[in-house]
1. Given the conditions (1) surrounded by fewer than 17 Cβ atoms within 10 Å (Cβ to Cβ); (2) part of a helix (DSSP H, G or I), which single one is not true for Asp58?
2. Do you know which of the residues in the stretch 207-228 that are touching a residue at least 60 places away in the same chain (Cβ under 8 Å) and not in a loop (DSSP other than H, G, I, E, B) is most open to solvent (accessible area, probe 1.4 Å)?
3. I need a count of the residues in the stretch 362-396 that are at pLDDT 90 or above, exposed (fewer than 14 other Cβ atoms within 10 Å of the Cβ) and in contact with a Leu (Cβ under 9 Å, 6 or more places away or on another chain).
4. Return only the number of the condition from (1) farther than 30 Å from Ile352 by Cβ; (2) modelled with pLDDT of 75 or more; (3) open to solvent by 70 Å² or more (accessible area, probe 1.4 Å) that Tyr269 does not satisfy.
5. Evaluate the following for Ala278: is it out of contact with any Ser or Thr (no Cβ under 9 Å at 6 or more places or on another chain), assigned to a helix (DSSP H, G or I) and at pLDDT 85 or above?
6. Determine whether the stretch 172-193 contains at least one residue that is crowded, with 20+ Cβ neighbours inside 10 Å, at pLDDT 80 or above and hydroxyl-bearing (Ser, Thr, Tyr).
7. Consider the stretch 25-46. How many of its residues are out of contact with any Ser or Thr (no Cβ under 6 Å at 6 or more places or on another chain), of a type in the set (Ser, Thr, Tyr) and crowded, with 17+ Cβ neighbours inside 10 Å?
8. For the stretch 195-204, which residues satisfy the criterion of being open to solvent by 20 Å² or more (accessible area, probe 1.4 Å) and in contact with a helix residue (DSSP H, G or I) (Cβ under 9 Å, 6 or more places away or on another chain)?
Amino acid sequence: MKNPFRIMGHACKMARRNLKKYSLLSVTIILSFALLLGYFLFSDATAYNTYKGLFRMDPGIVMAWDNLLENEKFQMLIDRAGDIGQTRYYFYNITYADLFGDNHRTESGQYLQVQKAKVYGVPSRMWDFYHDLNTTLDIRYLDGQERRGLTLFSGQMLMDEELFYALGLDQQETPTYTVKLSNPEYGDPISYTLEAEVIGTFLPNARMIPAPESTEEIVSFEQYQPTIVLSMEDFRPDVMPHWSWSRTVVFHTDQPEQLMNLVKTAALYGGYSSMATAQNLAREKILVQKSTKEIVAIGLLLLLGINLYSSFSNALSERKFEIGVKRAIGASQWAIVRQFLYESLLVLLADILIAVAIVADVALIYQAIVEHTPDELGRYTDWIIYISPASVAMFAVCAVTLTLMFSFLFAYKATRVEIVKYLKAE
């Protein structure tokens, strides 16, 4: 038996010698496998980047909210929730108020017109943070320290970056801001003033784009709503009983499904949500996408098989004289099979590796473009390249199946050459 390394070396030599004849075949293989892998990778990466924030959240979080400060349903819910596994909870409040003060001016000296602000009142220490303050706000503490959850004490405030920079507060080491909150429906009689240290900022819900009616002295904004976060100790819901606001209770439990059923039966006016439910819905969408991906993979596999058969046939037809000569000088069928089997394996494996490299390069370029292109709010997306194990398995099965099947088919067809016919033709 001949040394397989010698046979492989000979196959490499023959493949290099017939490189032009293999070029059309290689283009077909590279494009087909690159298309298949690219579809797998970008569909998986799209799903992963869409739901990565959701799946990072604790599935034990269940929320409920209502527009009433004192609500018997809330109390009943809390009392009954205590009997469900290991469950704990906290409250936070949200209201809308006119935001203004004596120092409500920009660095350039323009007076900022009174803006309707979204105001959060949160506990001093929160073991978790969800809803708007977790999904939409990217908090940056001015001391540069990272914090898990949120720590906000009396006399401290978080402010959106647009308002923070417009007021020139970034120029101060320990900025303080005096804010006066007034109910937009009831006016000054129900209001209070708070002086607090701004300890951090977060991304705004919109950019400060001046409205057409703005003047040189006074500037108002379209679609921009300031947002501030206060400690619950400074929120003072007792002095704003008529304000439009909502109270949210956030549960953390080891039995989210049971607690969610309890929340549903409470029939709160505002609504409710569950991390576990949201994650399950996301998984269902991913499963639907997986089924679609399998159908697409089968279609691409069939198309690739047809293209490979045609390309292999063309490559073989150009080498029938070579095969005839080898058979005429005594080469056995097994020798022909072995040579063309090794050649096709080399060509297919090399082309698959090139296809993988092309897809990887395109993905890296796309990642770099996305991560360095800010959105309308100036945020940069953390886009992660991801491909699921199932997609890797499907691609590997397609690659191995087609490689072995068409390598053996190519080798077998090489032995079906009519020696005398093709020698006479030459």
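The values are calculated or read from the model by the stated rules, or taken from the named source; none is laboratory data. Treat the numbers as computed from the prediction; the structure is a model and nothing was measured. Because the Cβ atoms are built from the backbone with ideal geometry, glycine has one as well, and the counts that use them run over all protein chains shown. Side chains are part of the model used for accessible areas, which takes the heavy atoms of the whole protein and leaves out ligands, DNA and RNA. Shrake-Rupley method; radii C 1.70, N 1.55, O 1.52, S 1.80 Å.
1. The one condition Asp58 does not meet is (2).
2. That would be Ile218.
3. 0
4. Answer for Tyr269: the failing condition is (2).
5. When the stated conditions are applied, Ala278 passes them.
6. No; the residues of the stretch 172-193 include none that is crowded, with 20+ Cβ neighbours inside 10 Å, at pLDDT 80 or above and hydroxyl-bearing (Ser, Thr, Tyr).
7. First, the residues of the stretch 25-46 that are out of contact with any Ser or Thr (no Cβ under 6 Å at 6 or more places or on another chain): 26-27, 29-39, 41-43, 45-46.
Those left that are additionally of a type in the set (Ser, Thr, Tyr): 26, 32, 39, 43, 46.
Filter again for crowded, with 17+ Cβ neighbours inside 10 Å, leaving 26, 32, 39, 43.
Number satisfying all stated conditions: 4.
8. Hit for the stretch 195-204 is Leu203, nothing else.
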